[in-house]
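Notes follow the structure.
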Amino acid sequence: EGLEPSQLQETQHSDSLSQEADETQSESKSQNCTSCKDTKSNESHIFLKHALESKIKKCGPIWLKAAAALIRLASDSMGDDFFRIHPKGHGSVVIGEHGLKANSLVTYYRGEVYPSWRWCEKLDAIERTQEILNLRPNLPDFYNMAMERPMKDPRGYGMLFVDASRKSGLGSSFSHSCDPTCEVRVVALNGRLSLAMTTLRDLERGEELTFDYNAVTESLNEYRFAVCLCGHQKCRGSFLHFATADCYQQVLSR
């Protein structure tokens, strides 16, 4: 208001330039953020690649080195879409140059904590909902772990369940193995019980962090679908233990 036509045009032109500058700056920030994310993702892949290459170079037999070289050539020429690999879990691998010593603390198994009665109520509710909606899978997800409170505790013996299906940490990404490299122990941390995941032996760079799920099922169908892919000579064939209802009730009663 009160501006000459020429002044009005200059003001509009200035606003347009300012808007273009803001958009350019915003695009630049967005590209930088994307670049940062891509860089972090690439770095993690590079670390894993070097760890696995180091493991194969140091301990791998001749046939494995030759096979790895052929697979890399085929993957580079045809792409990853031509390789159908059965899922084995997210998995975690040692990438530190010096590996891990035996009895080293790797992480804690974290999740939502439930008392026994509340956990059983939750499982019953899930099972009823799946039956009503016809969504019951052949093999449900197993992300829960039992945490026993020892008899020496002032509150007496107790059983808690840690569920990592919704809230979790690194420990829930470890794959199962019938010949594991880690184990889970109940420990006291600052007066509170925790599930510590520690190494069973010295681990070299490139070795996978695994533990025995020790999961139990009463369903023969679930047991048959729980095919183990650990590939060890000691493999049981299933990552579940089959138990009758009586056996399971004995554990709960104890």
Between a first residue in the range 163-174 that is within 14 Å of MET147 (Cβ to Cβ) and a second residue that is of a type in the set (Val, Ile, Thr) and modelled with pLDDT of 90 or more, which pairs have beta carbons less than 9 Å apart while being 6 or more apart in sequence or on different chains?
ASP163/VAL113; GLY171/VAL106; GLY171/THR107; GLY171/VAL184
If I ask for residues that are surrounded by 10 or more Cβ atoms within 10 Å (Cβ to Cβ) and at pLDDT below 75, which ones from the range 79-107 would you list?
PHE83, LYS88, GLY89, HIS90
Can you confirm whether MET151 is in a strand (DSSP E or B) and aliphatic (A, V, I, L, M)?
no
The residue that is surrounded by the most Cβ atoms within 10 Å (Cβ to Cβ), considering only those in the range 160-177 that are touching a strand residue (DSSP E or B) at 6+ places or on another chain (Cβ under 6 Å) and assigned to a strand (DSSP E or B), is VAL162
Selected residue [modelled with pLDDT of 85 or more, under 21 Å from CYS182 (Cα atoms) and either part of a loop (DSSP other than H, G, I, E, B) or of a type in the set (D, E, K, R) (or both)] from ARG118, ARG110, ARG128:
ARG110
Say we look at the range 218-254 and pick out the residues that are modelled with pLDDT under 85, outside any loop (DSSP other than H, G, I, E, B) and touching a Phe, Trp or Tyr at 6+ places or on another chain (Cβ under 7 Å); which of these is most open to solvent (accessible area, probe 1.4 Å)?
PHE242
Can you tell me which residue is nearest to ASP202 (Cα to Cα) among those in the range 90-107 that are in a loop (DSSP other than H, G, I, E, B) and of a type in the set (Ser, Thr, Tyr)?
SER104
Unique residue being surrounded by fewer than 17 Cβ atoms within 10 Å (Cβ to Cβ), assigned to a strand (DSSP E or B) and modelled with pLDDT of 90 or more when the list is ARG201, ARG185:
ARG185
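The values are calculated or read from the model by the stated rules, or taken from the named source; none is laboratory data. Just so it is clear, the model here is predicted, and its values are computed rather than measured. All Cβ positions, even for glycine, are placed from backbone atoms using ideal geometry, and neighbour counts span all protein chains on display. With ligands, DNA and RNA removed, areas are computed over all heavy atoms of the protein, side chains included. Shrake-Rupley method; radii C 1.70, N 1.55, O 1.52, S 1.80 Å.
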